[in-house]
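To keep things clear, I will list the structure first and then write my remarks on it.
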Amino acid sequence: MTRRHAFAIATIALSFLALASGSPALAQEKSIVVASTTSTQDSGLFGYILPLFKAKTGIDVKVIAQGTGQALDTARRGDADVVFVHAKSQEEKFVAEGHGVKRSDVMYNDFILIGPKSDPAGIAGSKDIVAALKTIQGKAVPFVSRGDKSGTHSAELALWKQAGVDIETAKGPWYREIGQGMGAALNTAGAMNAYVISDRGTWLSFKNPGELVIAVEGDKRLFNQYGVILVNPEKHPAVKKELGQTFIDWLVSPEGQSAIAAYQVNGKQLFFPNAEKKAS
């Protein structure tokens, strides 16, 4: 029995108890589990939009914040109703395998290369992420990798490949894989005087930048798309199909898209809605 099935059984039992005791609030509770990325959580986006969604629908959203790879694995086990992540190739594979119903674009921002103000690699101000990574590797300047199969980690590996660097053979003491989320990676980079690739949303909401600054931004190869998928109820019967689809429909609706666009940190918009683009 998966944790999800155990939770479903417990919920049914509680509902019967609630009905028997005349407690309508417990009996009518509606909730879903969304497996998502650390960036949507750490940036504060969910803290802003989820209360708006609950006020509209009465549905409580419980978020499991993980790297994209882990979030998709959580959904593969049937332990989530919806996945909301940012690694399109992994998302499409998830759907092709039958674990998800359909993938829809929701919003985008971009990745940026963060580094120390002292700029030991001499790349600050560049708009060429590939050239910057080649320089970091060539000079063996400290670099922090999330190393957690997240969307950000996948993007980083793809960029090394575009730079013509086989990171598995090239990495040495200069390349630090931490196997943790974005906040931890930024803190590690600050402590090591190192470079790190971050999503812009987490960076803008990061409260401990210290000597870290944006070194490289604006390269079209740093585009960061987010997508949402309903976990397939035919494969995982415990999935709350109707409630999960209600959340997805709200995210891609004008109301949900406006809520995403309205979220700012220090006067700066973190995510840009683009659900009008067709689902893949």
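Overview of values
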read-out: Helix 45-57 vs. the chain, principal-axis angle (Cα, 0 to 90°, nearest 10); value: 20
read-out: Per-selection metrics, the chain (Cα): Rg and Dmax in Å; value: 20.3, 70
read-out: Extension gain from ASP119 to GLU234, taking 0.36 nm per residue of separation minus the Cα-Cα distance; value: 36.2 nm
read-out: Cβ charges +1 (Lys, Arg) and -1 (Asp, Glu), total dipole of the stretch 110-222, debye; value: 20
read-out: Kirkwood Rh (inverse of mean 1/r, distinct Cα pairs), the stretch 110-222, angstrom; value: 13.5
read-out: Exposure proxy order (Cβ contacts within 10 Å, fewest to most) of LEU204, LEU113; value: LEU204, LEU113
read-out: Computed magnitude of the charge dipole of the stretch 175-240 (debye, nearest 20; Cβ of K, R +1, Cβ of D, E -1); value: 180
read-out: ASP128/LYS93 FRET efficiency (R0 41 Å; Cβ-Cβ; nearest 0.05); value: 0.90
read-out: Sum of -39500 (n - 2.57) over DSSP H runs of 4+, divided by residues of the chain (222 nm, nearest 500); value: -13000 deg cm²/dmol
read-out: Segments 139-148, 75-84 sorted - mean Cβ within 10 Å per residue, highest first; value: 75-84, 139-148
read-out: Dipole magnitude (debye, nearest 20) for the chain, charges at Cβ of Lys, Arg, Asp, Glu; value: 120
read-out: Two-site label geometry, LYS56 and SER253: point separation in nm, points 7 Å out along Cα→Cβ; value: 0.5
read-out: Packing-based ranking, highest mean first, of 103-110, 161-168, 247-254 given that Cβ atoms within 10 Å are counted; value: 103-110, 247-254, 161-168
read-out: DSSP-defined antiparallel bridges as percent of all bridges, the chain, nearest 5; value: 60
read-out: Options TYR226, ILE64, SER258, ranked by Cα towards positive dipole end of the chain, top entry (Cβ charges); value: ILE64
read-out: Residues of the stretch 128-144 with amide N under 17 Å of a point placed 7 Å along Cα→Cβ from GLU211; value: 141-144
read-out: Aspartates and glutamates whose Cα lies under 13 Å from that of LYS134, excluding same-chain neighbours fewer than 8 positions away; value: GLU156, ASP166
read-out: Fraction of beta bridges assigned by DSSP in the stretch 110-222 that are antiparallel (%, nearest 5); value: 55
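Each value in this text was obtained by applying a stated rule to the coordinates, not by laboratory testing. All of these numbers come straight from a predicted model, not from anything done at the bench. Here Cβ is always computed from backbone atoms with ideal geometry, including for glycine, and neighbour counts include all displayed protein chains.
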